[in-house]
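Beneath this line is the structure, given in structure tokens, with notes to follow.
Nothing in this text is a laboratory measurement; each read-out follows from the coordinates by a stated rule. Everything numeric in this text was worked out from a predicted model, so none of it was measured. In this analysis, Cβ positions are derived from the backbone assuming ideal geometry, glycine residues included, and neighbour counts consider all displayed protein chains.
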Amino acid sequence: MNKITVRYGKALTLTAALVGAMALGGCAHGPSNRQLGIGAGAVAGGAVGNVLFGGPIGTIGGAAAGALIGNEMTSGHRR
């Protein structure tokens, strides 16, 4: 297997784990718009961070940044 296949395989595994965790965590009640924004931002940010920087540091940093952006976009404080 080449390096690109391994990288995208890891990203796919991480994405599947995050989606599974969100699906199981959402069984209690429907998520609020803010929770959806944070979750979507974290998943998108993690994917972008992994593609741009590679490795777990890029993925975690991207997920954290995406969650913050998703939180701010859905916070309701419009200026």
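Binning at 5 angstrom from zero up to the longest distance, how are the C-alpha pair distances of region 3-73 distributed in percent?
With a bin width of 5 Å, the distribution comes to 4, 19, 24, 24, 17, 8, 4, 1, 0.
Show me the ranking of peptides 35-42, 55-62 by mean Cβ neighbours inside 10 Å, starting with the highest.
35-42, 55-62
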